[in-house]
Structures are given as structure tokens and as C-alpha cells.
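*Asks:* One structure coming up, written as C-alpha cells, with questions to follow.
The values are calculated or read from the model by the stated rules, or taken from the named source; none is laboratory data. All of these numbers come straight from a predicted model, not from anything done at the bench. So basically every Cβ, Gly included, is an ideal-geometry build from the backbone, and we count neighbours across all protein chains shown. SASA here: full protein model, heavy atoms, side chains in, ligands and nucleic acids out. Shrake-Rupley method; radii C 1.70, N 1.55, O 1.52, S 1.80 Å.
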Amino acid sequence: MILCDKGLFTLHTKNTTYQMKANSYGVLLHTYYGPRVSGCDLSYRIQYTDRSFAPNPDEDGGSRLFSLDAMPQEYSTCGVGDYRLPSLELELPCGSRSADLRYKSFRLEPGKYALEGLPAFRGPEGETLVVVLEDAAAQVDVELWYGVLEDYDIITRAVKIINRGGKTVKIRQAASLCLDFQRGDLDLITFDGKHVLERCPNRAPLVPGTRSVGSVRGTSSHQHNPFVILCEHDAGEDHGLCFAACLLYSGNFEAAVERAQFEDTRLVMGVHPYHFCWPLAPGESFTAPEAALCCSKEGFSTLSHRLHRCIRERLIQNPWAGQPQRVLINNWEATMFDFDAERLIKIAESAAPMGIGLFVMDDGWFGARDTDTAGLGDWTVNGRKLPGGLEALVPRIKALGMDFGIWIEPEMVNEDSELYREHPDWALHIPGRSKVRGRQQLVLDFSRKDVRDRVYGDLKKVLSSADISYVKWDMNRSLATAWSAALPAERQGEVYHRYVLGVYDMLEQMRRDFPSVLIEGCSGGGGRFDAGMLYYTPQIWCSDNTDAIDRLRIQYGTSFCYPVGTMGAHVSAVPNAQTGRSVPIETRGLVAMSGTFGYEMDLGQTTEEEKEIIRRQISFFKEHCKLIQEGDYYRLSDPFQNGPYTAWQQVSPDKREALVSIVTGTAHGAPPFLNLRLKGLDPALCYHVNDEGSYPGDVLMEAGWPLPMPWDDYQSAQLYLSAV
Ligand code: GLA
């Protein structure tokens, strides 16, 4: 619900309230974000006080009581007296780098807005408020867009900047959100890591000054995720006030938090200002990507439940939604580049009787691709490996009762490729500087439509040549030398953002042309696992690390924002290729099952006993897929604590079913007696627990369930609960 009253804007969701107010000088102040409160004017909390060294704008008229530097701003500016983190920085024709905004008007629009060329949570439900601010000197309007997804407790924001003047103005920074708090006693949680260990939560109390995470790699990155949480010091899974901010963007981003001098805090999140400069000619506009906000006063579980539901129902667009989930087999870890049609068929033949419904052919099927030094860019089938092409291979896979999927990496080119020999200038490069390779490959200039058209044209032929219903869209290096031969010198600051827009454009085109193809995102595993990609690719390969014990950490961190059904997770062979660890097949299956679920190994190489276990895993997953992927997700322990076990739980929305997954750590002599307290059950219902009797929900939640005694490392157990 959106209420507008003389410059006071109140946004209510079911459980939260967000408010801002234009004061008598026209400065838009942020008055409140938190648990839902009645709709009074909360600006009484903002005190007008004389603060030394806090400059006073002209309107203050000498009273010295009003300063931008001392008040919570809705969209912070720079160069005119607010020294905290800016959201907007303009470079004016005179050379000044500043911005100063005053309230101009507002409008309400029906439904939740969409953004052209950018991902955004979808309507049609929801409401849109647009508050228009103006920088009179720059002759620039700044439209702050708010989407209210009331039922989901999500408020989205986007920003549109319009040049209303007669001269070009350069945008140096345009954040998607600014959120001020009149308190400094908060913790910041960021989700950080590296290739093969992504999204590990790091929590620390704010100290005076700024902490910022982000990416300047051209992708959202393995290193930091465009998702952060701010919370009270004592907030935990089940209690405490917490706020989440999530950016729907897959390129360079920054999330910066400043604890400032008056114990106030500012969060600014958006496209990273690094190498960003966007000249805005008269009449032109620029749209900053969408960010989403969520708040819970009941801790992280509720925060995650709200985000998960909104992402599932209003962000991802899965053409296979509502149909039985297809368990997948992928040949990569089994074969790497070394395969031909017969080897693939053999893998498929051993997978089909297990109940696997989707065969995915990974890297190596095209051009002269026998190693990672050649072939990228040449999207034609390698006739030596696949004689007769996909036209011959796919019907053979289909005849086994499986659908067919394919790996692509459209954004890349190897120098040893036909495409590169034809168009060496199509790779991002800086004139006069030597090349910078990553995994032996260069990055195509996806800011250019001609480049995208060529690559897409080739891919379209492949995707049309056979019955393909799944695509794994990979991206295996970070950008460097991000200079485009198609843009003049003064517009090179657009390249990183235009690159991302180009990726989105091609993804959108592919979704339009192949509406029944499920696209899985990937970037060396989880290097581009963000809400922007999820709009186009409803699932993303979570990590190249398939070791089940490391996955406990990766999937735990990922779960704070992203639902289980978006996390690509497969069982692979042991010893694991990343860690050398051998984890029992039961445990590998249980961990991968809390994801999209698939296998990435040659099942023909497994023992009869393992085959039987795999068959049972697949049928269990199929039976409980809805509960696993759409149930409310509870983290029952923190795997980073190296405790005796890691556990998590899914509960169906009606609370009549639940699944508890437990993985033990390393075994020790004389293990303690431990009881695991379950969550989210109906205290008044009685539940069957596996075949081991029936127990009341309150008992299971308060007294707990005895954990099995571990015998050996990394054992696992599943408890399936159904209401009596
Ligand atoms: C990336 C992906 C892997 C695999 C390889 C193929 O690393 O994350 O899953 O597809 O590329 O080259």
C-alpha cells in the first residue's frame, strides 16, 4: 500500500513500513524503514540541530540547524555538503562533480514497474511510486522508482536519470539504493569467497568509517555477492531485526556501508563507479538497475523465507515450472574435453534406467575444442567427435527417454578460432597494450550489437538443429582491457555496463526465441550467481566445487538470499576433483538434493550397491521435490562452526510435511548425545518421523530429535516428517 500526502510517502507491506518525506526546503529525507507501524509522519524523529562543520545550504537562512550532512537522506548527493557516501555524482558541463536534489513531483503507477533491458521483479500485482527530484543547476531530473510487493514484504527500487537541459551531463555514479539508519550499532554481513568457495558469510559489527564490497571484474564475481544484510548485534536465525539488500545486476557493483559521526549508518548499493562514466546528451535518460529491500524483526530465517518466495514467484521464469523436475546428468567431470558421441551415449545409457531425465553435453562439442586453447567462438558441431551432428546424437538420447541439454559460452573467443581470425577487433582490448588472457581466452565485446548478432545467429542455428530443452550458459573469466573499438574515447566509461546490457539482451532474445528452453547460468561455477541472472536463468551452477562437505558451506551461504531451487548442485565421483576428499554416496546425494539435483559422473563406473542407492535418491527427490525446493528453508546449524554436524530443514507452507537433512563432521571417539531441535513445525500437529514413531510438533521443536551416533566421517541422515 502506498500513501502519499503532501510530500510524505509511506509504503506499507504486510509486515514492514518504509517512509520518506520532502521537508520544507524540498530535501527528500528518509524517515523510517522497519517493522510495520501505523501511518503517522515519522519525520518527528529527525532533529534539526546546529552541528559544527556540517555545512548549511542556502535555504537554512542562517539558522545553522539544517545540514545535509546530519540528516538521513533518501538519495544522497555530493559536493554540496553531505560528506557521507554519495549515491549520485554528476559531472556538469563546467567540470564540477556534484549533485544537489530537491523534490519536484510524484506519480503513482498501477502494478509493479518493469525496466526495459534490465531484470526486475515482475508484477502485475504490486504498486509503483515514482518520486521525481530535480537538480536545477544541472537541469537533470532524478526519478526514484519504488515497487511495493506487499504480500512478499519486498520493496524494490530503481533510479532513472533524465537530462532536461541543453548540454551533455556525465553520470559518474548512480546508485540503485541509498538507505540511511539513525543508528550505528549494526552488524554487516557480506557473502564473500573465491572460485570453488563462493558466498561464505562474513559478519562484523560496523566501526566508524566505510566498509565496501563489490566487483570490478565485469561480473558480479566469486569474490563478493551483490547481497548484504545489516542487522542488530544480537540478531540470529530466529530473532532480531535485520535488513537485506539485493542488487539485480550481474556486472561491476559496489555495496558500501558507512558508519558516520553521529552514530548513523548509510548503505549505498549499485553499479560500481569504477571506470564508469555515462555521458547523458540532452533528452537522454539512464536507468540504474533494480535493487530489492527486505526487512524482518524475526531474524534471518524469516528474511530468507520472504526473499526466497519473492524470487521464486516474481523473479525467476522457469519454462518447466509446474512440471516434474528432471534430474540431470552432465558429462563434464566424467570426461572433460575427451569424449565422442559413443562415450556420451554410454553415459546416457547408464543414467537412463536410474530415472535421470535430462542429459547435458558440456564443453568440448564444437569447433576445434579439444583443450581450452581453441574453439570458443566457433559454434558449429565438431564432426569428428559427433559425426552426423546433433541431428544424429539428440534422437539417440531422446530414444533413451531423456531430454537433451547443451553447454555454451557465448561471451568468449579463443585466438585459435575461425571467429577470431575473422574479427580480431571483436575482443575487448586496449589499443597498444598487449592481450590479457584468462583460461586462454579473450572476452568478446558484448557491448556491440554486431558482435552479439553474429554469435547469436550461430547459436540459434545450433539450438534450432535439434530438440534441445536446456542450455548451460557459461562465462569463464573476468573482464580486463575493457575497451571497445566501437565507442569513441569519451564514451569508454560505458563499456562495462553496456557489456552487461548486451548479455541481458542476448539472454532475453534466447528466452523469446526458445521459450521452452531452460537456461542454467554459470561462470566457473558461481561467479555470476546474482538476482539479475536469475531473471533470465532460473538456476545457476552454484560452484565448480562439487565436494559435498565444501558444498555445505557454499549452499548455506547462498541460501541467505537465494532459494534452494536456484542452486545448481550435482553428485560427482570421489575422490573429489577439487578437494581429494571421498564422501559417501549417501551424503553426496543428500547435499546435491538441496539444490537442482543432478549427477556429474559416469554412472556406468559405479558399483551395483551404489547404483541402488542412486536409484533410491532419485526417486526420493522426485517424490519430495516440491517440499525441497518450495518449502520454507531453515538453517539448523552453521557449517562454518566446524561443529559435530550440519543440518537444515524444509517445511511445506501448510506445515504438514518437513524434511530434515543432517551431515556429520569428522568422527571422534565417544561422541556426545545430541538432540537436534527442529523448526517451523505446527506445535499442535503430530508428525510421523520416518518409520520411527509419531511425535508432537512442539516436542520436536523444543526437546529435539536424537542425532545418530556418527561412525566414520561425513555420514548423513534424512528425517521425513508428515503430519498424522
Ligand atoms: C566451467 C563450468 C564447469 C564446466 C567447465 C567447462 O568451469 O563451471 O561446470 O562447464 O567450465 O569448460
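*Asks:* Just wondering, is there one or more residues in the range 694-715 that are without any contact (Cβ under 8 Å) to a residue 12 or more places away in the chain and within 30 Å of the chain's Cα centre (by Cα)?
*Replies:* Within the range 694-715, none of the residues are without any contact (Cβ under 8 Å) to a residue 12 or more places away in the chain and within 30 Å of the chain's Cα centre (by Cα).
*Asks:* Just a yes or no: is a residue in the range 555-564 away from the ligand (no atom under 12 Å from the Cβ), more than 27 Å from SER296 (Cα to Cα) and over 10 Å from the mean Cα position of the chain (by Cα)?
*Replies:* Checking the range 555-564: not a single residue is away from the ligand (no atom under 12 Å from the Cβ), more than 27 Å from SER296 (Cα to Cα) and over 10 Å from the mean Cα position of the chain (by Cα).
*Asks:* Quick check: anything in the range 662-678 closer than 26 Å to ILE316 by Cα and of a type in the set (A, V, I, L, M)? If you could, list the steps in order and put the result at the bottom.
*Replies:* The first filter runs over the range 662-678 and keeps only residues closer than 26 Å to ILE316 by Cα, leaving none.
No, because not a single residue in the range 662-678 is closer than 26 Å to ILE316 by Cα and of a type in the set (A, V, I, L, M).
*Asks:* Additional query: Between residues in the range 329-344 that are over 25 Å from GLN617 (Cβ atoms) and free of Cβ contacts under 8 Å to residues at least 40 places away in the same chain and residues that are near the ligand (Cβ under 8 Å from one of its atoms) and open to solvent by 30 Å² or more (accessible area, probe 1.4 Å), which pairs lie under 9 Å by C-beta distance while being six or more apart or on different chains?
*Replies:* Taking only residues 6 or more apart or on different chains, the pairs are PHE337/ASP372.
*Asks:* What residue, of VAL471, VAL500, is more than 16 Å from the ligand (Cβ to nearest atom), among the β-branched types (Val, Ile, Thr) and touching a residue at least 60 places away in the same chain (Cβ under 8 Å)?
*Replies:* VAL500
*Asks:* Give me the pairs: first residue in the range 600-618 and touching a residue at least 60 places away in the same chain (Cβ under 8 Å), second residue basic (Lys, Arg), beta-carbon distance under 9 Å, and six or more apart or on different chains, which are they?
*Replies:* What qualifies is ASP602/ARG343; ASP602/LYS346; LEU603/LYS611; GLY604/LYS346.
*Asks:* I'd like to know if the range 619-636 contains one or more residues that are more than 25 Å from ASP238 (Cβ to Cβ), assigned to a strand (DSSP E or B) and at pLDDT 95 or above.
*Replies:* no
*Asks:* Could you grab me the full set of residues in the range 314-336 that are surrounded by 16 or more Cβ atoms within 10 Å (Cβ to Cβ) and either within 16 Å of the ligand (Cβ to nearest atom) or among the charged types (D, E, K, R) (or both)?
*Replies:* Matches in the range 314-336: ARG314, ARG326, LEU328, ILE329, ASN330, ASN331, TRP332, GLU333, ALA334, THR335.
*Asks:* Let me ask something else. Hey, can you tell me all the residues within the range 188-209 that are touching a Pro at 6+ places or on another chain (Cβ under 9 Å) and farther than 15 Å from ALA244 by Cα?
*Replies:* ASP192
*Asks:* Which residue is surrounded by the fewest Cβ atoms within 10 Å (Cβ to Cβ), if the candidates are limited to the range 533-550 and must be more than 13 Å from the ligand (Cβ to nearest atom) and under 10 Å from HIS570 (Cα atoms)?
*Replies:* Checking each candidate, the answer is ASP547.
*Asks:* Another question, then. Do we have GLY604 as assigned to a helix (DSSP H, G or I), more than 25 Å from GLN650 (Cα to Cα) and either away from the ligand (no atom under 16 Å from the Cβ) or open to solvent by 10 Å² or more (accessible area, probe 1.4 Å) (or both) here?
*Replies:* Yes; evaluated as a whole, the condition is true for this residue.
*Asks:* Considering every residue within the range 677-698, establish whether at least one is crowded, with 20+ Cβ neighbours inside 10 Å, under 26 Å from SER582 (Cα atoms) and among the aromatic types (Phe, Trp, Tyr).
*Replies:* The answer is no; no qualifying residue exists.
*Asks:* Suppose we filter the range 522-532 for residues that are out of contact with any Phe, Trp or Tyr (no Cβ under 6 Å at 6 or more places or on another chain) and either free of Cβ contacts under 8 Å to residues at least 40 places away in the same chain or more than 10 Å from the ligand (Cβ to nearest atom) (or both); how many remain?
*Replies:* Here the count works out to 4.
*Asks:* Continuing with this model, one more query. Select from the range 210-254 the residues that are assigned to a loop (DSSP other than H, G, I, E, B), in contact with a Pro (Cβ under 9 Å, 6 or more places away or on another chain) and among the hydroxyl-bearing types (Ser, Thr, Tyr) and list them in ascending order.
*Replies:* Across the range 210-254, the qualifying residues are SER220, TYR249, SER250.
*Asks:* For GLY493, indicate whether it is surrounded by fewer than 22 Cβ atoms within 10 Å (Cβ to Cβ), at pLDDT 95 or above and within 16 Å of the ligand (Cβ to nearest atom).
*Replies:* no
*Asks:* Limited to the range 390-426, what total is found for residues that are small (Gly, Ala, Ser), open to solvent by less than 10 Å² (accessible area, probe 1.4 Å) and not in a loop (DSSP other than H, G, I, E, B)?
*Replies:* 1
*Asks:* Which of the following residues is away from the ligand (no atom under 15 Å from the Cβ), in contact (Cβ under 8 Å) with a residue 60 or more places away in the chain, open to solvent by less than 50 Å² (accessible area, probe 1.4 Å) and under 23 Å from the mean Cα position of the chain (by Cα): LEU507, LEU459, LEU479, LEU444?
*Replies:* LEU479
*Asks:* So which residues in the range 395-422 are among the hydroxyl-bearing types (Ser, Thr, Tyr) and more than 16 Å from the ligand (Cβ to nearest atom)? Give the steps one after another, and end with the answer.
*Replies:* Looking only at the range 395-422, we keep the residues that are among the hydroxyl-bearing types (Ser, Thr, Tyr), and these are 417, 420.
Listed by number, the list holds a single entry, TYR420.
*Asks:* For the list (1) within 15 Å of the ligand (Cβ to nearest atom); (2) of a type outside the set (Lys, Arg); (3) crowded, with 21+ Cβ neighbours inside 10 Å, I need the number of the one condition that VAL451 fails.
*Replies:* Of the numbered conditions (1) within 15 Å of the ligand (Cβ to nearest atom); (2) of a type outside the set (Lys, Arg); (3) crowded, with 21+ Cβ neighbours inside 10 Å, the odd one out for VAL451 is (1).
*Asks:* Pick from PHE121, PHE106: which is part of a loop (DSSP other than H, G, I, E, B), in contact (Cβ under 8 Å) with a residue 40 or more places away in the chain and on the phi < 0 side of the Ramachandran plot?
*Replies:* On the way: PHE106 fails: part of a loop (DSSP other than H, G, I, E, B).
The conditions single out PHE121.
*Asks:* Working only within the range 577-591, note down all residues that are within 14 Å of the ligand (Cβ to nearest atom) and open to solvent by less than 30 Å² (accessible area, probe 1.4 Å). Step through it out loud before you land on a result.
*Replies:* In the first step, residues of the range 577-591 are kept if they are within 14 Å of the ligand (Cβ to nearest atom); the result is 577-578.
Across the range 577-591, there are no qualifying residues.
*Asks:* A further question on this structure: For residues that are within 23 Å of the chain's Cα centre (by Cα) and open to solvent by 10 Å² or more (accessible area, probe 1.4 Å), tally how many sit in the range 130-182. Talk me through it step by step, then tell me what you get.
*Replies:* Just the residues of the range 130-182 that are within 23 Å of the chain's Cα centre (by Cα), to begin with: 144-160, 173-179.
Narrowing the set further to residues that are open to solvent by 10 Å² or more (accessible area, probe 1.4 Å) leaves 145, 150-152, 160, 173.
The qualifying residues number 6.
*Asks:* Could you list, in sequence order, all residues of the range 284-300 that are crowded, with 21+ Cβ neighbours inside 10 Å and either under 19 Å from PHE560 (Cα atoms) or under 15 Å from the mean Cα position of the chain (by Cα) (or both)?
*Replies:* PRO289, GLU290, ALA291, ALA292, LEU293, CYS294, CYS295, SER296, PHE300, listed by residue number.
*Asks:* Taking the options GLY355, GLY401, GLY405, GLY377, name whichever one is over 27 Å from THR596 (Cα atoms) and of a type in the set (Gly, Ala, Ser).
*Replies:* Answer to the check: GLY377.
*Asks:* Sticking with this structure for a sec: So in the range 346-385, with the set limited to residues that are surrounded by 20 or more Cβ atoms within 10 Å (Cβ to Cβ), in a loop (DSSP other than H, G, I, E, B) and over 31 Å from the mean Cα position of the chain (by Cα), which one is nearest to the ligand (Cβ to nearest atom)?
*Replies:* If we take residues in the range 346-385 being surrounded by 20 or more Cβ atoms within 10 Å (Cβ to Cβ), in a loop (DSSP other than H, G, I, E, B) and over 31 Å from the mean Cα position of the chain (by Cα), then GLY367 is nearest to the ligand (Cβ to nearest atom).
*Asks:* For the range 237-253, indicate whether the set of residues that are in contact with a His (Cβ under 6 Å, 6 or more places away or on another chain), closer than 24 Å to PHE446 by Cβ, modelled with pLDDT of 95 or more and surrounded by 23 or more Cβ atoms within 10 Å (Cβ to Cβ) is non-empty.
*Replies:* yes
*Asks:* Name, by its number, the condition in (1) open to solvent by less than 30 Å² (accessible area, probe 1.4 Å); (2) more than 26 Å from GLY165 (Cα to Cα) that does not hold for GLU125.
*Replies:* Of everything listed in (1) open to solvent by less than 30 Å² (accessible area, probe 1.4 Å); (2) more than 26 Å from GLY165 (Cα to Cα), GLU125 misses just condition (1).
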